[in-house]
Amino acid sequence: MPWTLVFEQLLNGVQLGVTLFLMAAGLTLVLGIMNLVNLAHGSLYMVGAYLTLAAAQWTGSYAAGVVLGLAGTLLIGMLVEVVTLRALYDRDHLDQVLATFGLILFFNELVAIVWGRASLYAQLPQFLRGHVELFSGSSYPMYRLAVILVGLLIAILLWYVVTQTRLGMLIRAGASNRTMVAALGVNIRLLYTVVFGFGAVLAGLAGLMAGPIYSVQPGMGELILIQVFVVIVIGGIGSVRGALVGALIVGIVDTLGRAFLKPMLGSMISPTAAEAAGPALASMLIYLLMAIVLALRPAGLFPARG
Amino acid sequence: MSTRLILWAIAVLVLVALPPVMTAIGQTFYIDLVRRIMILAIAAVSLNLILGYGGMVSFGHAAYLGIGAYAVGVLGFYGVTSGWLQWATAIGASALVALAIGAVSIRTSGIYFIMITLAFTQMLYYLGISLEVFGGDDGMRLKSRSQFAGLVDLNDPIAFYYVALALMLLAVFFVYRLVNSRFGMVLRAAKSNEARARAIGFSPYPYRLAAFVIAGAMCGLAGALYANHTSYIVPGLMSWQQSGDIMFMVILGGMASTAGPVLGTFALLIVEEFLKGWTEHWQVILGPLLVLSVIFFRRGLAGMFYKPDA
């Protein structure tokens, strides 16, 4: 087993994990604090990618594109929250699932109307192109390293906010017991808005960073959304720490599985059988993982509720 | 004669009269459309059993649609075209898979149940995509429809229509009898107040599992019918978007009501057809319609006629 290959795939796994974490952090807080199942989170991811792409092309500058894209995603997130999600807070999960499912259809089609159905190519700025030599013989794309770094920075930032600030205290309290926090006189509506805004920006960031790696197309949010839900279930609803651990686990398992399961199977059973079984099993891997975690720890690895 | 029974009789009469009327005015397209609606209505009726009456939010119900369809497709691929065998396999395979998935999933509840049923459907979907021998992502064509030697020829669109109609009415009647039986009462009690049901001495798990399996089997039959209708089977039948569609038909129609799923399926698919004829980007209108109907139509369409189960 060529170890440089394993190490590269491991880094790819961390990069996927970091992308998943950005999505999962927002989603788990929204689910934990606001008790809202938001399937449209993937749409915010997609919107972030598209807006950044469009803004970068319009202004000609990547940095301006990023800022405008994030601001735009935040605005759209707020709009969605005020117009539709407010009516859903008191409803049960089923209604929330269906309403946000409707939002997904709407956003996918809206994006297709404005930018067409073909997948778009996201340009990388000059300073993020090229490869970095990690150790002798292995070179790794600069951009993916940047994604990992940004993701880890955000993780540290989130850790700081959640554990060291008053806002973070409110967030943890809200995830643990929402009614009590409201009863203690905290402006819960404002907290909801802040949390949702946070989540929207993180999703937009994940989307714009993922654009150059995966493709920017309608429906890109749904592809990653299922994995994000698996992350949240594994990590524990309402817990940012759980989101990080879960995201890294899922990212690494999924990437290594897809890379190595087929050749590993090929050495054990016939290559033609591995050709079919390999990808199928690799896709199923994270769901099996989720089933196992749920069987052993039904509330996830780091549940927020006591 | 209660109002409900009269409304049902009128609806059945309209459906029975549709093919001759449409053939007479030359609009045979509608026979196909209504046939497709009725087949999906069977799927909605089956989901209503576990979702509306049982309270189990299964986001993976489309899996059985796919299993039923692929049962017909795979058997046809290997030369087995006997309708009895194909449809029996569709129902049997769906029931088995439902048993396996349900046994694991029903131990959880709430958001975890939703997620785990979603995950299982995704697994089946990826399995469908990766099986290149059955067409993979592109799907497979059904070479010939299920053969019911002597009994009925499914290649005759009108005969097929009446088969679909009969099966839909059978499904509706079956679920109606089931939920009003002792079994159904326990299921509904467990949904309404689980702690109380347990206190009386009923463990919800076996009842829920049984309902889950029955719903899966019924949906498998719908899948077999659907494969025959479209003569083309794609893994997309098992996707979570398809599950969401079926769920929406149930909710829109009104959960925990007999007519609900049928009403919901007709309403959704007719609106879809209308929107499709209007613009290529019909989903941009359907999406907000879905959102609005969830926010405002709490009891669904059937709730306009009578008060469904709580």
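The values are calculated or read from the model by the stated rules, or taken from the named source; none is laboratory data. Just so it is clear, the model here is predicted, and its values are computed rather than measured. Here the Cβ positions follow ideal geometry from the backbone for every residue, glycine too, while neighbour counts run over all protein chains shown. These area figures cover heavy atoms from the full protein model, side chains too; ligands, DNA and RNA do not enter into them. Shrake-Rupley method; radii C 1.70, N 1.55, O 1.52, S 1.80 Å.
Assorted remarks:
- The antiparallel fraction among DSSP beta bridges confined to the protein assembly as shown stands at about 90%.
- The helix-based estimate of mean residue ellipticity at 222 nm for the protein assembly as shown, built from -39,500 (n - 2.57) per DSSP H run of four or more residues and divided by its residue count, is -25000 deg cm²/dmol to the nearest 500.
- At 0.890 mPa s and 25 °C, Stokes diffusion of the protein assembly as shown via Kirkwood alpha-carbon radius, µm² per second: 96
- Per-q log10 I(q)/I(0), the range A:58-132, q = 0.12, 0.26 Å⁻¹ (Debye; single scatterer per alpha-carbon; no solvent): -0.54, -1.24
- Overall form of the range B:205-310 per C-alpha gyration tensor (a/c, 1.5; a/b vs b/c): oblate
- Inter-chain Cβ neighbour average for residues B:114-121, partner chain, 10 Å: 6
- Centre separation in Å (Cα based) which lies between the range A:14-43 and the range A:175-199: 17
- Theoretical FRET efficiency, 1/(1+(r/R0)^6), r = Cβ-Cβ of B:Tyr232 and A:Leu10, R0 41 Å, to 0.05: 0.50
- For the peptide B:239-247, the mean number of other protein chain Cβ atoms found within 10 angstrom of a residue's Cβ is 3.
- Counting every C-alpha pair in the range A:247-306, the share spaced more than 17 angstrom apart comes to 48%.
- Semi-axis lengths, Å, the range A:29-162, gyration tensor of Cα atoms, sqrt of 5 times eigenvalues: 32, 21, 14
- Peptides B:246-256, A:189-199 ranked from most to least packed by the mean count of surrounding Cβ atoms within 10 Å: B:246-256, A:189-199.
- Gyration tensor over the Cα atoms of chain A: the corresponding equivalent ellipsoid has semi-axes (square roots of 5 times the eigenvalues, largest first) of 31, 24, 19 Å.
- Taking chain B and dividing mean pair separation by its residue count, relative contact order in percent (alpha carbons under 8 Å, at least six apart): 31
- Cα-based shape type of the range A:203-263, given that a ≥ b ≥ c are square roots of the gyration tensor eigenvalues and the cut on a/c is 1.5: oblate
- Distance from the alpha carbon centroid of the range A:87-119 to that of the range A:228-290 works out to 27 angstrom.
- The tail of the calculated P(r) for the range A:168-271 beyond 17 Å holds 67 percent of all Cα-Cα pairs.
- Taking amide H as placed 1.01 Å from N in the peptide plane, A:Val132 has its amide H under 5 Å from the amide H of A:Tyr140, A:Met142, each at least 5 places away in sequence or on another chain.
- As a ratio to 2.2 N^0.38 Å, the alpha-carbon radius of gyration computed for the range A:86-174 takes the value 1.71.
- Part-to-part distance (alpha-carbon centres) for the range B:226-272 and the range B:1-53, which is given in Å: 13
- Leading residue at positive end of dipole, the range B:106-164 (Cβ point charges), from B:Gly110, B:Gly135, B:Gly150: B:Gly110
- When the Cα atoms of the range A:9-87 are aligned to their principal axes, the ranges along those axes come out at 40, 38, 14 Å in descending order.
- Taking 7 Å steps out from each Cα toward its Cβ at B:Lys143 and A:Ala87 produces label points 5.2 nm apart.
- Separation of the B:Glu132 and A:Arg117 label points, Cα + 7 Å toward Cβ, nm: 2.6
- Neighbour cut-off at most 16 other Cβ (10 Å), DSSP loop, trypsin sites (Lys or Arg not before Pro), the range B:126-222: B:Lys143
- Per-residue shielding of A:79-88, expressed as the average number of other chain Cβ atoms within 10 Å of the residue Cβ, stands at 2.
- Separation in nanometres of the label points that stand 7 Å from Cα toward Cβ, at B:Arg196 and B:Leu178: 2.5
- Percent breakdown of C-alpha pair distances by 10 Å bin, ordered from the shortest bin, for the range B:39-154: 13, 40, 32, 14, 2
- Only protein heavy atoms count here; on that basis, with a 1.4 Å probe, B:Ser82 has an accessible area of about 40 Å².
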